[in-house]
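**Q** Sharing a structure here in structure tokens format.
The values are calculated or read from the model by the stated rules, or taken from the named source; none is laboratory data. These figures come from a predicted structure and were not determined experimentally. So basically every Cβ, Gly included, is an ideal-geometry build from the backbone, and we count neighbours across all protein chains shown. Side chains included, ligands, DNA and RNA excluded: accessible areas come from the protein's heavy atoms. Shrake-Rupley method; radii C 1.70, N 1.55, O 1.52, S 1.80 Å.
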Amino acid sequence: MRKPADIRKAEIVRTVLDLADRIGPDRVTTNAVAQAIGVTQAALFRHFPSKAALWEAVAEQVSDQLGEAWNVALRSTDAPVERLRALVGAQLAQIKSTPAMPMLLFSRELNVENDQLRRLFRDRLGAFHAVLATEIGQAQQLGAVRRDIEPADAAVLLSSLVQGVAIRWSLGSREFALVEEGLRLLDVQLQLLVGETKE
């Protein structure tokens, strides 16, 4: 029985992410995707006219999921420092649920073959940085974070923490609890950011 187009598209995107996790993004082919789903390549191309279009759909789904997770985190508390913790936790939880994400950032598909895919991921990473910087700035206004650090610089430190622990988790065969380890290191970083504030 033929599935509705939207359900089939979602299935294809999930399959791409699963294959990217299992065999690596650079080894994902339209033939491999079609075989994993049990359809022909022609059927696959009815939904996505090119491999690039398929990857763009993957990036858009990942981007939408990240954005939704950030919105939930931002609504979880009124305290800026706690929102920072919630944002980082949400980002790590999304990486855990989509473990292909760190590998995508370093893939040939992203960095060489697909400019649109690279822009989509760069924009999403930039958006995360901007959200972190906003929350840091608000925390500074309340005196909860030291004021002698530029919010944009502090945001780089926090986003780099997320990326670093995610890569270590990915390369280390996921032998530790990603979210818990990331939040533990975040608490260390926040102690440095809180420090002594300058009035």
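Residues are listed down the side, and each one gets a yes or a no for (1) farther than 18 Å from residue 105 by Cβ; (2) of a type in the set (Gly, Ala, Ser):
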| position | (1), (2) |
| --- | --- |
| 5 | yes, yes |
| 20 | no, yes |
| 33 | yes, no |
| 37 | yes, no |
| 40 | yes, no |
| 50 | yes, yes |
| 53 | yes, yes |
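**Q** Which count do you get for residues in segment 1-58 that are aromatic (Phe, Trp, Tyr) and in contact with a Leu (Cβ under 8 Å, 6 or more places away or on another chain)?
**A** Summing the residues that are aromatic (Phe, Trp, Tyr) and in contact with a Leu (Cβ under 8 Å, 6 or more places away or on another chain) in segment 1-58 gives 2.
**Q** Could you run through segment 62-84 and say how many residues are open to solvent by 40 Å² or more (accessible area, probe 1.4 Å) and touching a Ser or Thr at 6+ places or on another chain (Cβ under 9 Å)?
**A** 2
**Q** Please determine whether any residue of segment 123-144 is in contact with a Phe, Trp or Tyr (Cβ under 9 Å, 6 or more places away or on another chain), in contact (Cβ under 8 Å) with a residue 12 or more places away in the chain and more than 30 Å from residue 53 (Cα to Cα).
**A** No: segment 123-144 contains no residue that is in contact with a Phe, Trp or Tyr (Cβ under 9 Å, 6 or more places away or on another chain), in contact (Cβ under 8 Å) with a residue 12 or more places away in the chain and more than 30 Å from residue 53 (Cα to Cα).
**Q** When the residues of segment 40-53 are narrowed to those that are out of contact with any Ser or Thr (no Cβ under 7 Å at 6 or more places or on another chain) and in contact (Cβ under 8 Å) with a residue 12 or more places away in the chain, which ends up farthest from residue 193 (Cα to Cα)?
**A** Here the answer is 45.
**Q** Right, next: Identify, please: which residue in segment 37-53 is surrounded by fewer than 18 Cβ atoms within 10 Å (Cβ to Cβ) and among the hydrophobic types (A, V, I, L, M, F, W, C) and is, among those, modelled with the lowest pLDDT?
**A** Residue satisfying both the conditions and the ranking: 52.
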